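What follows is one structure encoded as structure tokens, with my remarks underneath.
The values are calculated or read from the model by the stated rules, or taken from the named source; none is laboratory data. None of the values given here were measured: they were computed from a predicted structure. Don't worry about glycine lacking a Cβ; one is built from the backbone with ideal geometry, like all the others, and counts go over all protein chains shown. Heads up: the accessible areas ignore ligands, DNA and RNA and are worked out on the full protein's heavy atoms, side chains in. Shrake-Rupley method; radii C 1.70, N 1.55, O 1.52, S 1.80 Å.
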Amino acid sequence: MDLGFIIDSSGSIGRSNWAKLKTFVKDIVGQFEVAPDKTHIAAIAFSTKAKEVLRFNTLRGSDINADEVNNLIDGMKWQRGFTRIDLALLLADNSMFTADAGMRIGVRKVS
């Protein structure tokens, strides 16, 4: 499966909830077998701007595993700013589930 996350990184989340939100995403990732021939993960973080944090093809080969995904999630910075989920949804629609971003043909898509 190709599993995409859209993660609120706006100021309304707050610093302590930002840490909880990242833990929540990592807990979900932990429920899947992340591997080259299994689940791949992508993520977009948003506030005033939307930013691709992880594309389906960011990790390659043996680096496609939950630990590497979680390291990238841990490295996400809290953006603060306004809550512009519309920008995140547009970015997801235009670039998350695309062949250029590593989307695989014939694999279930979940966001």
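Here are the numbers for the structure shown:
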{"quantity": "Top-ranked residue in the stretch 35-80 [being β-branched (Val, Ile, Thr) and within 13 Å of the chain's Cα centre (by Cα); ranked as farthest from Val107 (Cα to Cα)]", "calculated": "Ile73"}
{"quantity": "Residue match in the stretch 38-46 (condition: open to solvent by 60 Å² or more (accessible area, probe 1.4 Å) and more than 21 Å from Gln79 (Cα to Cα))", "calculated": "yes"}
{"quantity": "Any hit, the stretch 8-21, residues being under 24 Å from Val107 (Cβ atoms), of a type outside the set (Val, Ile, Thr) and touching an Asp or Glu at 6+ places or on another chain (Cβ under 8 Å)", "calculated": "no"}
{"quantity": "Any hit, the stretch 59-69, residues being in a helix (DSSP H, G or I), at pLDDT 95 or above and surrounded by 20 or more Cβ atoms within 10 Å (Cβ to Cβ)", "calculated": "yes"}
{"quantity": "Selection from the stretch 86-110 of residues that are among the aliphatic types (A, V, I, L, M), buried (at least 16 other Cβ atoms within 10 Å of the Cβ) and out of contact with any helix residue (DSSP H, G or I) (no Cβ under 6 Å at 6 or more places or on another chain)", "calculated": "Leu87, Ala88, Leu89, Leu91, Ala92, Met96, Met103"}
{"quantity": "Condition broken by Ile6, with the remaining ones in (1) in contact with a Phe, Trp or Tyr (Cβ under 8 Å, 6 or more places away or on another chain); (2) modelled with pLDDT under 95 satisfied", "calculated": "(2)"}
